[in-house]
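Accompanying notes for the structure given below.
Every number here is computed from the coordinates shown, using simple stated rules; none is lab data. Fair warning: this is a prediction, and the values are worked out from it, not measured in the lab. For neighbour counting, all protein chains shown are included, and Cβ atoms are generated from backbone atoms with ideal geometry for every residue, glycine included.
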Amino acid sequence: MTFEHQLKQHFGFDVFKEGQEEVVRSIMEGQSAVAIFPTGAGKSLCYQLPAVLLPRMTLVVSPLLSLMKDQLDFLKAKNIEAARLDSTLSRDEYAQIIEDAKSDKLKILMISVERFKNERFRHHIHQMRIGLLVVDEAHCISEWGHNFRPEYLKLPEYKKEFGIANVLLLTATATKEVQADMCEKFGVPAENVVSTGFYRNNLFLKVTPTRESEKLAQLNARINEDVCAPTIVYVTRQQTAEDVSEYLANRQVRAAAYHAGMPSDDREHVQNMFMAGDLHCVVATIAFGMGIDKDDIRRVFHYDLPKSIEGYSQEIGRAGRDGELALCEVLANRDGMHVLENFVHGDTPTKKAICNLLGEIKLQEGEQWHVRLTSLSRRLDIRTLPFKTLLIYLDQEGIIRPKYSYFDSYYFTYNHDKEQIIEQFDGERQTFVNAIFDHCNSKRLWTYIDVNGIVKNYACDRHRVIAAIEYFNQQGWLDLQSKQAVEVYDVLDKSFEVQELGGKIFNKFSDKERHEIARIHALLDLFESDTCLNNRLAAYFGELRREASCGHCSVCTSGKADIIHTTTLTSLDELDPQELVASFRDEAGDQWSPINAAKFLCGIFTPGLTGIKVKDIDNHGILEQYPFVSVLKWLESSLSE
C-alpha cells in the first residue's frame with residue numbers, strides 16, 4: 001500500500017502537501033530528518049503518519065501545552081491512540097497513560113522537554129519501546145535561534161540514553177545558521193533537510209506607521225472593517241493585552257486577552273471560544289497561537305513591535321492557513337523599541353552574580369553539587385532561563401557536568417492500611433517494604449518519605465526505592481506526590497580563577513545580548529525596507545525569489561514606511577534621580593544597587609526584585625520607554641555625586 005493510500009485511510013486526505021511525503025519516506029526508511037515548513041503547512045503530519053505505521057511508539061517533545069492540546073484533539077478525532085503528560089492530569093489519568101505507553105497501546109506520547117528530568121518519568125521511560133523522537137519547535141536547540149531553550153541542548157543525550165534510533169526535527173523558522181546547528185547536534189545529514197520555503201502568496205504584509213496615541217483607535221477601526229473576522233492582536237506585555245482587549249470589548253468587539261499571567265483554565269477557555277468562533281478577536285502575548293489549528297484566521301495585527309524577524313514570521317504564519325487572503329499588519333513606531341531591548345538586558349546576569357555562583361562551586365565539598373534551581377536563581381538574582389544557560393556554559397567549560405535530577409520531597413496519602421500493603425509481599429521484599437514505611441513520617445494530611453534514610457540504612461540504591469513507591473501508587477494503594485526538584489552535577493574542576501572565568505562567561509552573555517538586540521534592529525530594517533517585504537522576508541531565511549515585486553505587501557503597493565518615535569521623552573538630565581528611586585531604596589534592603597534601581601525604573605523583572613514586590617512600589621516602570629543602558633549610566637553618575 002502506498003503512502004498516499006495510508007494517508008487517505010488514516011487521515012482522510014487525498015494528497016500530501018508539499019514536502020510531507022519526502023519527510024515521511026525518510027522516516028519510514030529508518031533515517032532521521034528535518035522538516036522546515038511555514039506555519040500551517042502541515043509539519044505535524046510528517047510524524048503523525050509514520051507514528052501510525054511504525055511498530056514502536058513515537059515520543060513528541062513540544063514546548064507549550066496548546067501545541068499538545070490541538071494536535072491531540074486532531075489525533076483522537078482520527079481514532080489514533082495518543083496522549084500527553086502534563087501537570088493537569090489526575091493521579092489515575094497519569095498512571096493510565098504511563099501504563100498504556102509501557103504496554104504499546106499508545107502510538108504517540110507528547111511531553112515537555114522538562115519531563116525528561118523527572119525522576120518518576122525516567123523510571124518509566126526505560127520500560128517504553130520508542131521508535132522515533134519528534135522535536136517540535138526544534139530551533140529552540142540553537143543558541144543562535146530566536147527562542148533558545150537550554151533544556152533542548154540535552155535532547156541529543158536523551159535520545160542516546162533511552163536508545164531512540166531516529167529523530168524528526170520540526171520548525172517553521174530557521175535561518176541557514178540555525179539549520180546547520182540543528183543538524184550538527186542531532187547528526188542529521190544535510191540531504192535529509194526538507195524546506196518548502198517561507199513565501200506565502202495569500203498574505204498581505206502591511207506596515208502602517210502609527211502614532212502611539214492613535215494606535216487604539218486605528219486598531220478598532222481596522223477590526224470594525226469586518227468585526228466578525230477571526231483576528232489575533234499581538235502585544236508585548238500582559239497588561240497591554242488586558243487594556244487593549246477591554247478597549248475593544250467596550251466597543252462591541254468580541255475580544256478577550258490571552259497571556260501567561262492568566263490561570264491555565266482561563267487561557268484554555270479563551271482558546272476554545274476562539275476556535276469555536278464564539279470569540280472573534282484575541283489580544284495576546286506571543287504564547288498564543290503556537291500549534292493552534294484554526295485555518296480561517298483572516299487578520300494578524302501587531303499592536304506592538306514583534307521581538308524578531310523569526311517571531312514575526314511565526315506569528316503572521318497563523319493567518320490564512322486555508323489559502324484564502326489574509327491581512328498581516330504592523331501598527332509601527334519606535335516608541336516600544338527600548339521596551340524590547342530592555343527585555344533583553346533583563347536576561348543578562350551581572351558579572352557579580354556569575355562570580356558568586358562560581359565561588360559557591362569552588363567551595364563545594366565533595367565531587368557532587370546539588371542545586372535547587374528556583375531558589376538559587378532567586379538568591380543570585382538571575383532569571384531562570386539565563387541561569388540554565390549559565391549552567392550550560394559551565395558544562396561547556398568543563399567545570400560541571402549534569403548527572404541526574406531527583407525530587408527532594410516524596411509524600412502520599414494512604415488508600416489502604418500500611419499493614420495491608422506490607423502483606424502483599426514476602427521474604428526480602430517484605431523486609432524492604434517494611435523499611436520504606438519505617439522511614440515515613442505521618443503528619444495531619446500527608447505522610448512524608450525519607451528516601452535518603454532508606455537508601456542509607458537499607459543499603460539499597462535510590463532507583464529501587466522510587467520503583468517501589470511508584471508501584472504502590474500504580475496499584476492505587478496510596479496517592480503519591482513529589483516536589484522540589486534537585487539537579488545533581490559532578491564538579492569536574494575547581495582550579496579555575498573566579499574573576500577570570502566569571503569575566504569570560506559574562507562576555508558570552510554580553511555577546512548574546514548584542515546578538516539579540518541586533519535582531520530587533522534587523523526587524524526595524526525589514527519594516528523600513530524600500531524593496532518588497534515578502535522577498536526580504538524570504539531572503540532572510542535563505543530563500544531567493546526572482547520577482548522584484550510581490551504585489552501583496554505595502555512596499556509594493558504604496559512604498560516605503562518611515563517608522564519614527566512618536567512620543568517625546570523628557571531628557572533624563574531634567575529628572576530627579578533621588579526622588580524617582582527614593583521609595584525603591586526604602587524597600588530594596590540588600591537588593592539596593594544602581595543596576596537594580598535602573599531595572600526597577602525600566603520595569604525589568606528579575607527574581608530578586610520580584611521578591612520585594614516591586615510592582616507595588618512608587619515609580620516602578622516609570623522609565624520603561626528609556627534605554628536601560630542610558631538609565632543605568634545616568635543613575636551611576638547622579639547617585640555617586
For the range 3-195, averaging the sequence separation of alpha carbon pairs under 8 Å that lie six or more residues apart and dividing by its residue count, the contact order in percent is 29 percent
Among the DSSP H helices of the chain, those whose Cα atoms extend at least 15 Å along the helix axis and whose mean Kyte-Doolittle hydropathy is 0.5 or higher are 384-396, 628-639
Among ASN342, ASN192, THR567, the residue whose Cα sits farthest towards the positive end of the charge dipole of the chain (+1 at Cβ of Lys and Arg, -1 at Cβ of Asp and Glu, taken about the Cα centre) is ASN192
Helix-only [θ] at 222 nm, the chain, -39500 (n - 2.57) per DSSP H run of 4+, per residue, nearest 500, equals -13000 deg cm²/dmol
Applied in sequence order to the range 551-563, the curve 6.51 cos²θ - 1.76 cosθ + 1.60 (Karplus, θ = phi - 60°) yields integer Hz couplings, x standing for Gly and Pro, of x, 9, 8, 5, 5, 6, 9, 9, x, 5, 9, 9, 9
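Dipole magnitude of the range 237-391 about its Cα centre, charges +1 at Lys/Arg Cβ and -1 at Asp/Glu Cβ only, in debye to the nearest 20?
560 debye
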So, with points 7 Å from each Cα along the Cβ direction, the GLU419-HIS463 label distance in nm works out to 3.6 nm
Too long for a 27 Å Cα-Cα cut-off, among LYS176/LYS512; LYS362/LYS388; LYS307/LYS403; LYS206/LYS615, are LYS307/LYS403; LYS206/LYS615
Magnitude of the Cβ-charge dipole (Lys and Arg +1, Asp and Glu -1) of the chain about the Cα centre, nearest 20 debye, reported as 900 debye
Treating only Lys and Arg (+1) and Asp and Glu (-1) as charged, each at its beta carbon, one finds that the range 572-639 has a dipole about its Cα centre, in Debye to the nearest 20, of 300 debye
Relative contact order in percent for the chain (Cα pairs under 8 Å, 6+ apart) equals 14 percent
Of the candidates ASN220, VAL581, SER26, the farthest towards the positive dipole end of the chain (Lys/Arg Cβ +1, Asp/Glu Cβ -1, centred on the Cα centre) is SER26
Expected sort for 10-16, 528-534, 426-432 on mean C-beta neighbours within 10 Å, highest first, is 528-534, 10-16, 426-432
In the chain, taking the dipole from +1 charges on Lys and Arg beta carbons and -1 charges on Asp and Glu beta carbons about the Cα centre, the listed residue (SER245, GLY611, LEU279) farthest towards the positive end is LEU279
Here the percent of antiparallel bridges among DSSP beta bridges lying wholly in the chain, to the nearest 5, is 35 percent
